[in-house]
Amino acid sequence: MAQETILFEREGGIRRLTLNRPDKLNSFNVQMHEEVAAALRSVAGDKEARVLVITGAGRAFSAGQDLGGRTVKEGEAPPDLGKTLEAYYNPLIRRITALEMPVIAAVNGVAAGAGANIAMACDLVIAAKSAKFIQAFAKIGLVPDSGGTWHLPRLVGMARAMGLALTAEPLSAEQAEEWGLVWKAVEDDTLTETVNGLAEHFASQPTKGLALTKKAIRAAFDSPLSEHLDKERDYQRAAGKTEDYREGVQAFMEKRTPEFKGK
Ligand code: LHQ
């Protein structure tokens, strides 16, 4: 499929997806959803892929849903937004969180509405200091979607989640870092370098172990400790059977840098 709304690059074990509708602040229309879904499916089936970076072209990360053509005329039947979520946003969040590798959001500028929540669904969020996170939904009478009401209270606690969602006030990248909504806020002109360095690091790491770590942490709020311990046992059992575990221990004992293959 020709890509008109995204850029998708492969470089060694690194996969980079750039949302590319800069004149619309990378807001999502159906075509962009379809192209992003195809790219994520290809990463999921790509044995060489070891890390995914998601970023935006131009001055925004993403302004969420493209609101063009979304006006509802007086007397017209209201739209079924649940269908839009079911068809596009929910599968998108499920794909990102299920990917068996670290997913980095490089938030280069404003992330609003579903755009903010797509960033939060990534495993590590690195934001340029000029970026802002806006739960814009309240301004148009909607509910934070794309996992927003799930991730927000887990990341920043109930009081801040409520404040952000109910007021739709913009949150600066630095404040987002202080609150634990993002991992790091960095100077704008170092974002690319920081993210590239991190992506290169992950491309040389024990991918299967990292994927199981991501899975365990994502499941942490869903079960009591006793059940979660069983999960950790199962994931550790799987990690212990990887080639990278063997290599990691061997390299440690031989006092050399491990050469992980992601297997
Ligand atoms: C846009 C957009 C946009 C189209 C900027 N659409 N053009 C799921 C289910 C189904 C339906 C509903 O939604 C959802 C999930 C959602 O994501 S709902 C939330 C949708 N997003 C928003 O409400 C955010 C709307 N955008 C904004 O509030 C501002 O644009 C932000 C704060 C992101 C940036 O503000 P500024 O830096 O002042 O830029 P701007 O507003 O001037 O925008 C620049 C251009 O981008 C402008 O076009 P123009 O032709 O005038 O240059 C905007 O119309 C366009 N744009 N967001 N979501």
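Residues being more than 16 Å from the ligand (Cβ to nearest atom) and out of contact with any strand residue (DSSP E or B) (no Cβ under 6 Å at 6 or more places or on another chain) are entirely absent from the range 18-36. Scanning the range 194-232 for residues that are outside any helix (DSSP H, G or I) and surrounded by fewer than 17 Cβ atoms within 10 Å (Cβ to Cβ) turns up Ala220, Phe221, Asp222, Ser223, Pro224.
Applying a threshold of 8 Å to beta carbon distances and a minimum spacing of six or more residues, or different chains, the list of pairs starting in the range 43-70 at a residue that is under 12 Å from Phe28 (Cβ atoms) and without any contact (Cβ under 8 Å) to a residue 12 or more places away in the chain and ending at one that is within 16 Å of the ligand (Cβ to nearest atom) and in a loop (DSSP other than H, G, I, E, B) reads Arg70/Pro79.
This table checks each residue for (1) within 15 Å of the ligand (Cβ to nearest atom); (2) within 19 Å of Val125 (Cα to Cα); (3) touching a strand residue (DSSP E or B) at 6+ places or on another chain (Cβ under 9 Å).
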{"residue": "Ala2", "(1), (2), (3)": "no, no, no"}
{"residue": "Leu7", "(1), (2), (3)": "no, no, yes"}
{"residue": "Glu48", "(1), (2), (3)": "no, no, yes"}
{"residue": "Val53", "(1), (2), (3)": "no, yes, yes"}
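If you go through the range 167-188, how many residues are in contact with a strand residue (DSSP E or B) (Cβ under 8 Å, 6 or more places away or on another chain) and within 16 Å of the ligand (Cβ to nearest atom)? Looking only at that region, the number is 8. Could you tell me whether the range 244-255 includes any residue that is of a type in the set (D, E, K, R), under 29 Å from Val110 (Cβ atoms) and out of contact with any strand residue (DSSP E or B) (no Cβ under 9 Å at 6 or more places or on another chain)? Within the range 244-255 (the criterion being of a type in the set (D, E, K, R), under 29 Å from Val110 (Cβ atoms) and out of contact with any strand residue (DSSP E or B) (no Cβ under 9 Å at 6 or more places or on another chain)), the answer is no, since none of the residues qualifies. Among the residues of the range 136-192, those identified as within 17 Å of the chain's Cα centre (by Cα) and assigned to a loop (DSSP other than H, G, I, E, B) are Pro144, Asp145, Ser146, Gly147, Gly180, Leu181, Val182, Trp183. Restricting attention to the range 120-143, and to residues there that are more than 17 Å from Val103 (Cβ to Cβ) and more than 12 Å from the ligand (Cβ to nearest atom), which single residue is surrounded by the fewest Cβ atoms within 10 Å (Cβ to Cβ)? Only one residue tops the list, namely Lys129.
Scanning the range 62-119 for residues that are closer than 22 Å to Ala131 by Cα and surrounded by fewer than 16 Cβ atoms within 10 Å (Cβ to Cβ) turns up just one, Leu67.
In contact with a Ser or Thr (Cβ under 7 Å, 6 or more places away or on another chain), touching a residue at least 24 places away in the same chain (Cβ under 8 Å) and at negative phi, is that true of Asn26? No, not satisfied.
Against the test of being touching a strand residue (DSSP E or B) at 6+ places or on another chain (Cβ under 8 Å) and within 10 Å of the ligand (Cβ to nearest atom), the options Asp80, Asp66 yield a single qualifying residue, Asp66.
Scanning the range 100-119 for residues that are outside any strand (DSSP E or B), more than 9 Å from the ligand (Cβ to nearest atom) and in contact with a strand residue (DSSP E or B) (Cβ under 6 Å, 6 or more places away or on another chain) gives Met101, Pro102, Asn108, Ala119.
Determine if the range 57-70 includes at least one residue that is out of contact with any His (no Cβ under 9 Å at 6 or more places or on another chain) and within 30 Å of Ala238 (Cα to Cα). No: zero hits.
Computed from the coordinates by the stated procedures, all read-outs in this text should not be read as laboratory data. Here the structure is a predicted model, which is why all the values come from computation and not from measurement. Here Cβ is always computed from backbone atoms with ideal geometry, including for glycine, and neighbour counts include all displayed protein chains.
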